[in-house]
Amino acid sequence: GKKLGYTFNNRNLHNVSLGQGQEVVAERALDLAAKEGHWVILQNIHLVAKWLSSLEKKLEQHSEGSHQDFRVFISAEPAPSPDSHVIPQGILENSIKITNEAPTGMHANLHKALDNFNQDTLEMCTRENEFKSILFALCYFHAVVAERRKFGPQGWNRSYPFNTGDLTISVNVLYNYLEASSKVPYDDLRYLFGEIMYGGHITDDWDRRLCKTYLEEFIKPEMLEGELLLAPGFPLPGNMDYNGYHQYIDEALPPESPYLYGLHPNAEIGFLTQTSEKLFRILLEMQPRDTSVGEGGAGTREETVKALLEEMLEKLTDEFNIAELMAKVEERTPYTVVAFQECERMNVLTGEIKRSLKELDLGLKGELTMTNDMENLQNALFLDAVPESWIRRAYPSTASLGTWFADLLARIKELEAWTGDFSLPSAVWLAGFFNPQSFLTAIMQSTARKNEWPLDKMTLQCDVTKKTREDFASPPREGAYVHGLFLEGARWDAQTGIITDARLKELTPAMPVIFIKAIPADKQDTRSTYPCPVYKTRQRGPTYVWTFNLKTRENPSKWVLAGVALLLQI
């Protein structure tokens, strides 16, 4: 075993951990084991993707004529996406496959979290009541953050690899701190769990806020007074033995629902709808490419695409003449600079759309040789998807091609109206910008110049009106009225002027017009407000735009856990 360079656990078992040039060692182990009837364990084969074709050939070679007791066990980490699968099909087809599936639902996740401990763990701390209470709360917290992923971007902006190590190390830290302190150091514990143990995985600021809010709700002095609800209808249990906690979960935990995570039931409807749409899109993309479409095969694929591209070319207007527009402007205010930037970006996008469609048209007529790019464009048009070359020059969007193109025409119309005389629209369509941040910054710049205030000491104040876009005939003297925003995770009560619980099946209710104005940062009143992130699309994450403070009578933590956000597109 030492001569070959692999771990030789006993006479008949060879254990090879791959990576760092261990491929030759593995091949020697396989050759010897096939001859002598030994077992071989190959760990972490995902680390040696280039060698896997050689492994496939080696296993095929030993499939005949080898010792009847020869066995090979292979382990690999799951691939993060279908594109990342590296294990050859031949190996998979000839293997008995065993997977360790993560539990689904709060019931299974909470039991699984508790399974990492035993009765001895519960008894090891001298401060038994505090230790048991916080340990159970940590188990619930671990189950929540792991399972919340299923709600997509409304659950977490990004996906994180939370694991049982985070939980067990947190419990060790809890034990050490309780043994060393006369009082329970709640702030220290929350910081260690939320910023280091679990927070070490988190890269998004809003996800970090969510993680900290959960810990603030679950780990606080009230937990020892028997008044803490981990979820509606699920109080933190008292002092029990290990089996008692498992029994308590079975008897007291309410049925699976978004309420267990602090979310509204609409979160599940939205997530399942998006999952279904994704499934149907994949099914559509799998359809044969050479079939006729329409009743009785009335038109071919090419005819459908040709009709669509002709319609698009006809509807697209001429590009903006930037030089001509600049000549019309007497003073280059922050708003006119934004308008020029938007026109330039729109010209780049519409120029690419026209170029690619005309090129495809010539290809379909046989006047140009069809290239890969033209094929991809044709497929996208047929499948009602936005082509890749357009996406690269456009704004984030989750819409299908038909909706996306109608939205594009609306944006062009809005820009045309604004650049007609460069007076600010009475109500600005915030979603119509490539870069909404530039317009919001322009509001601050304009006010700063007018009042001679330092720009870095200013912030935006957001006042939600009771009116719609049509109710405004002119812009305000300072700031701007913006429309076209939607609230996800809650709704806006126009009568009382606060955030309130969403109505069932109303996933993204529209907001009234919002009055945005710039004020000195030290004059901002953040009492009874929820700092609400604004995103361009439901994908959230990198589409973040700004933070609007929305008034609330309830604790803002409720809206943090509910994943409440403003969206510019739905």
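Here the helices (runs of 4 or more DSSP H) wholly within the range 147-261 that include at least 1 residues being under 20 Å from Phe117 (Cα atoms) and not aromatic (Phe, Trp, Tyr) are 164-180, 186-191, 242-252. If you go through the range 64-86 and keep only what is under 15 Å from Ala26 (Cβ atoms), part of a loop (DSSP other than H, G, I, E, B) and of a type outside the set (Ser, Thr, Tyr), you end up with Phe70, Ala76. Counting only helices (runs of 4 or more DSSP H) that sit completely within the range 295-410, those holding 2 or more residues that are surrounded by 15 or more Cβ atoms within 10 Å (Cβ to Cβ) and within 37 Å of the chain's Cα centre (by Cα) correspond to 301-315, 334-365, 372-382, 388-393. Take Thr526 and tell me if it is polar (S, T, N, Q), open to solvent by 40 Å² or more (accessible area, probe 1.4 Å) and touching a strand residue (DSSP E or B) at 6+ places or on another chain (Cβ under 8 Å). Yes; evaluated as a whole, the condition is true for this residue. Yes or no: the range 463-483 includes at least one residue that is under 19 Å from Ala565 (Cα atoms), assigned by the TED database to the domain that holds Lys523 and in contact with a Leu (Cβ under 6 Å, 6 or more places away or on another chain). Scanning the range 463-483 turns up at least one residue that is under 19 Å from Ala565 (Cα atoms), assigned by the TED database to the domain that holds Lys523 and in contact with a Leu (Cβ under 6 Å, 6 or more places away or on another chain). I'd like to check something: does the range 164-171 contain any residue that is open to solvent by less than 20 Å² (accessible area, probe 1.4 Å) and among the aliphatic types (A, V, I, L, M)? Yes, there is a match, as at least one residue in the range 164-171 is open to solvent by less than 20 Å² (accessible area, probe 1.4 Å) and among the aliphatic types (A, V, I, L, M).
Residues being in contact with a Pro (Cβ under 8 Å, 6 or more places away or on another chain), outside the structural domain of Leu430 (by the TED database) and not basic (Lys, Arg) are entirely absent from the range 358-374.
The set of residues in the range 537-570 that are part of a helix (DSSP H, G or I) and either within 27 Å of Phe434 (Cα to Cα) or open to solvent by less than 10 Å² (accessible area, probe 1.4 Å) (or both) comprises Gly541, Pro542, Thr543, Trp559. Screening the candidates Gln524, Gln539 for the property of being touching a Ser or Thr at 6+ places or on another chain (Cβ under 7 Å), modelled with pLDDT under 90 and either in the same structural domain as Asp205 (by the TED database) or not small (Gly, Ala, Ser) (or both) yields one hit, Gln524.
The set of residues from the range 30-50 being under 18 Å from Glu93 (Cα atoms) and either assigned to a strand (DSSP E or B) or out of contact with any strand residue (DSSP E or B) (no Cβ under 9 Å at 6 or more places or on another chain) (or both) comprises Leu42, His46, Ala49.
Every residue, every condition in (1) closer than 18 Å to Val145 by Cβ; (2) surrounded by fewer than 19 Cβ atoms within 10 Å (Cβ to Cβ); (3) modelled with pLDDT of 90 or more, yes or no:
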site	(1), (2), (3)
Pro185	no, yes, yes
Glu195	yes, yes, yes
Ile202	yes, no, yes
Asp205	yes, yes, yes
Lys212	yes, no, yes
Leu215	yes, no, yes
Ala231	yes, yes, yes
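Scanning the range 263-275 for residues that are outside any helix (DSSP H, G or I) and in contact with an Asp or Glu (Cβ under 8 Å, 6 or more places away or on another chain) returns a single hit, His264. In this structure, does Val24 turn out to be of a type in the set (A, V, I, L, M, F, W, C), over 19 Å from Leu92 (Cα atoms) and in a strand (DSSP E or B)? Taking the combined requirement at face value, the residue does not satisfy it. Being out of contact with any Asp or Glu (no Cβ under 9 Å at 6 or more places or on another chain), outside any loop (DSSP other than H, G, I, E, B) and more than 24 Å from Ser159 (Cβ to Cβ), is that true of even one residue in the range 507-514? Checking the range 507-514: at least one residue is out of contact with any Asp or Glu (no Cβ under 9 Å at 6 or more places or on another chain), outside any loop (DSSP other than H, G, I, E, B) and more than 24 Å from Ser159 (Cβ to Cβ). Only one of the numbered conditions (1) without any contact (Cβ under 8 Å) to a residue 24 or more places away in the chain; (2) more than 26 Å from Pro520 (Cα to Cα); (3) open to solvent by 30 Å² or more (accessible area, probe 1.4 Å) is not met by Asp456, and that is (2).
For the range 505-521, a residue qualifies if it is open to solvent by 30 Å² or more (accessible area, probe 1.4 Å), modelled with pLDDT of 90 or more, aliphatic (A, V, I, L, M) and in contact with a strand residue (DSSP E or B) (Cβ under 6 Å, 6 or more places away or on another chain), and exactly one does: Ala510.
Scanning the range 467-504 for residues that are touching a residue at least 60 places away in the same chain (Cβ under 8 Å), open to solvent by less than 30 Å² (accessible area, probe 1.4 Å) and on the phi < 0 side of the Ramachandran plot yields Leu485, Leu487, Glu488, Ala490, Ile499, Ala502.
Of all residues in the range 1-26, those satisfying the criterion of being among the hydrophobic types (A, V, I, L, M, F, W, C), open to solvent by less than 50 Å² (accessible area, probe 1.4 Å) and at pLDDT 75 or above are Leu13, Val16, Leu18, Val25, Ala26.
The values are calculated or read from the model by the stated rules, or taken from the named source; none is laboratory data. On a predicted model such as this, the values are computed, not experimentally measured, just so you know. Neighbour counts are summed over all protein chains in view; Cβ atoms, including those assigned to glycine, are modelled from backbone coordinates with ideal geometry. Accessible surface areas use protein heavy atoms only, side chains included; no ligands, DNA or RNA. Shrake-Rupley method; radii C 1.70, N 1.55, O 1.52, S 1.80 Å.
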